[in-house]
């Protein structure tokens, strides 16, 4: 995948199995978000296939998708309950069900007293939790979470991981884009490491560790991406 | 926001009403006031009995009278020169306040007018005062034809079009920047189709426009029906306005497709611009196309077959005003109206399609405008993929 003269994704191929949590790892700018956007049809590939259930993704394909993009954002001038209900309606819920799911989630994350508060009056962490709630409305069968714990404190990170595991138990397939290795170790069944637009390692967590002589995922990450920081320092 | 217009209308009408009341009272008070006047008539036109009725005296000379006014011994002195056609009537008066000062001139004028009126025939007076009434009957195709009344029904669409673009143009422009500025585009585009979102926004704008129009029209109707006299509004006889179904239908069709065309354009600009502020910069360009043809309005009425009029009538961006205006005045032929409607229909479809495409491709560009090469290139982003086996 090219942006202007820059090739972001050169050679990438992977499969995600139904019901698993799949880790998509890479340093900043390695092409993770670009690949996800291409998978969801936001970018157009010129060759190769990005398929979900054997066909290219479209909103009319019938797949119940929950997507938390890396670029965070909500309608700032609207209240929490209105925004959540709006997205719930867009996902096919009726008015009362959308409102119910929204309130249930707000109760869970102890923000029910903020239901009528405007989004821009919440802290960024609270806004992120609201956006996560929107993502999981209507019990999606495919969850794509792009750096979901960015900006979360340890308590909220734990909350998110609990939510992810719950959805997997319900049969959802989850693509988890991150560079937090402890999350990968806890949650993911298989993973892919992306570097310079190419798959660097791919398989189960155990297989990846074996490839790197049993090192921890943190060490593997530093070994794989550590020289990028050196190159950056040299260039600057 | 919707109610602000009728509230403002209500306030304006209230101001007019109370202002008229106060003015009426002031005029009455002025009539009843007496003040001392001296008059020098070198024109010979003033009626001496009338001068006495006004209680005016003749001074010894002009300067003496002026000095008396200066010293406060006289309220006003009027000097009528010999040749009124070449020299001014001079009014010297004691200051009585900004509003009341005008009474002196009014009295001097009335004194002269009533004096002269008495010396001429009433018919001549009416002619000179431009009070002669005319009734006019025109015919077209063997039937009575009132050009101005015929204009009203089809002309409504022209007025409506202007109001909608002026009131809602900016909203249409920024309707698609909202998703971009709030960074919700990825969540939106992975939940609903871009086309569905754009169409939904257009329908909501149309609904809002109708509500706003009702909010404008209803208070005006209420004011006209119940407070016409207090607000000094003219008495309009709307009962015999001709309704030509064909011209109304043509006007409606031109209006609808023109509205869709410009809605598509404005939405497209909003999608391509990274922020509402940048999008607003384009609005001026659009208004030039919409309102620019007004400069040639006399041509549309008097020379409908001229090259310029025909060009403006069929060029999509300028077509709405010439077509609606020509339809209103009755010089738009059936052939021209059909051609114009088809052009506007096709143009509105194209503009809405472009709007959807721009929204689709432009919505992830948060800081740059989208180049046109990207918009019209079918495959605007490239990925090189090949199969690789997992480890």
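Averaged over the residues of A:188-199, the number of partner chain Cβ atoms lying within 10 Å of the residue Cβ comes to 1.
Put a dot 7 Å past the Cα of residue B:90, heading toward its Cβ, do the same for residue B:213, and the two dots end up 6.2 nm apart. Between residue B:170 and residue A:165, the C-beta separation translates, for a Förster distance of 41 Å, into a calculated FRET efficiency of about 0.30. Note on the protein assembly as shown: percent of Cα-Cα distances in each 20 Å bin, starting at 0 and stopping at the bin with the largest distance, equals 14, 31, 24, 16, 10, 4, 0. For the residues of A:73-85, the average number of beta carbons from a partner chain within 10 Å of their own beta carbon is 2.
Counting, for every residue in B:178-186, the Cβ atoms of other protein chains within 10 Å of its Cβ and taking the mean gives 6. Under the simplified labelling scheme, the residue A:58-residue B:297 pair shows an inter-label distance of 4.8 nm, with each label point 7 Å from Cα along Cα→Cβ.
What angle do you read, to the nearest 10 degrees and between 0 and 90, between the alpha-carbon axis of helix A:95-108 and the longest principal axis of chain A? So the helix axis and the longest Cα principal axis differ by about 70 degrees.
Per the Debye calculation on chain A with a single equal scatterer at every Cα and no solvent contribution, log₁₀ I(q)/I(0) for q = 0.09, 0.15 Å⁻¹ amounts to -0.41, -1.09. Taking the average, over residues, of other Cβ atoms within 10 Å as the packing measure, peptides A:86-93, A:54-61 rank A:86-93, A:54-61 from highest down. The value given for segment B:140-376 is a Kirkwood hydrodynamic radius of 19.5 Å, derived from the mean inverse Cα-Cα separation. For the pair residue B:129 and residue B:350 in one chain, pulling the backbone fully straight at 0.36 nm per residue adds 73.7 nm over the alpha carbon distance.
How far is the Cα center of segment A:52-114 from the Cα center of segment A:124-153, in Å? A separation of 10 Å, based on Cα centres.
What do you get for the angle between helix A:80-90 and the principal long axis of chain A? Use alpha-carbon atoms, 0 to 90 degrees, nearest ten. Computed tilt is about 70 degrees.
For the protein assembly as shown, the 222 nm mean residue ellipticity estimated from helices alone, with every DSSP H stretch of n ≥ 4 adding -39500 (n - 2.57) and the total spread over all residues, rounds to -17500 deg cm²/dmol. Stretching the chain fully between residue B:278 and residue B:48 yields a gain of 75.4 nm (0.36 nm per residue, less the alpha carbon separation).
Each label was represented as a point 7 Å from its Cα along the Cα-to-Cβ direction; for residue B:119 and residue B:287 these points are 5.6 nm apart.
In this structure, residue A:204 and residue A:97 have a Cβ-Cβ separation that, at R0 = 35 Å, corresponds to a calculated FRET efficiency of about 0.40. Against chain A, whose longest principal axis comes from its Cα atoms, helix A:154-169 is set at around 90 degrees. Computed from the Cβ-Cβ distance with R0 of 35 Å, the FRET efficiency linking residue A:158 to residue B:203 stands at 0.20.
Values in this text are rule-based calculations from the coordinates and carry no lab data. All figures in this text were calculated on a predicted structure; none of them were measured in a lab. Backbone-built Cβ (ideal geometry, glycine too); neighbour counts: all protein chains shown.
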